[in-house]
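What follows is one structure encoded as structure tokens, with my remarks underneath.
Just so it is clear, none of the values below were taken in a lab; they were calculated from the coordinates. A quick note: this is a predicted structure, and the numbers were derived from the prediction, not measured. Glycine gets a Cβ as well: all are built from the backbone with ideal geometry, and neighbour counts include every protein chain shown.
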Amino acid sequence: MVGGTNFVGSFRTADIAALVIIMVEVSMGLFLMESLRITRLFPVIGALPDKLRVRMLWITLSILIMLASIEAGLAYMREILLQDELATSALLRGNDALNLTGQDLWITTAAQMGMGFILPFALVFVAIPLETFIQSSRTVLGILMMGFLNLLAATMRILGNGCKHAGALAVQLYDLPLCLPLWFENRNQQRQHDRNGDDEGETPNYQRALL
């Protein structure tokens, strides 16, 4: 539809167009499954009145049939373009190789058209594993978050204990250079106290002796 030589950035326009069509088919499949109440990804759709839900079901199914027809037509166009390319190559080579194989090309054309028509209906069933994946991912994400928070708590606890002991070690290292001067000061004060005590103790004995 868009050609194979057009690019949007680093992506081919044909790949982007194919991705858009596939995503539309998946979306229609989700709405179809929700309308049939097979899946419960969108509870609002399941809670709709039956008349409106059935109407949405038929609209979604019609869109899927239209998309399937488009893909079958694109597959047929691809085979036509392939045959034209083969015919041009055979004409340039000047042989009748295309006539020998052209009779059996309807088999591949029918197979391509059948696969293109079935693909949208096959994508409808993607909703079932998608629902299981979403429900399981909630549990998995919860477990991963719990593990991350436990790891973060353990890391913070280790860092807190490390900072606590590092602070105590820093205080001891700060006090270490002051130990020797304080010891000398304490010894001097004790000596002075001992001398004062000796002087106070000798004075009464001397006075007693005089008396």
Just checking my list (1) 44, 42, 39; (2) 57, 51, 37; (3) 153, 60, 25 against Cα extents along the principal axes in Å computed from this structure; which label fits? (3)
Residue order, fewest to most beta carbons within 10 Å, for 35, 89: 89, 35
Which of 150, 189, 35 sits farthest toward the positive end of the charge dipole of the chain, with +1 on the Cβ of Lys and Arg and -1 on the Cβ of Asp and Glu? 35
Expected vector for the stretch 170-175, Karplus 3J(HN,Hα) from phi with 6.51, -1.76, 1.60 and θ = phi - 60°, integer Hz, x for Gly and Pro, equals 5, 5, 5, 5, 5, 7
Going by Cα centres, the stretch 133-174 and the stretch 1-78 are how many Å apart? 46
With the contact rule set at Cα under 8 Å and sequence spacing of 6 or more, what percent relative contact order holds for the stretch 7-137? 38
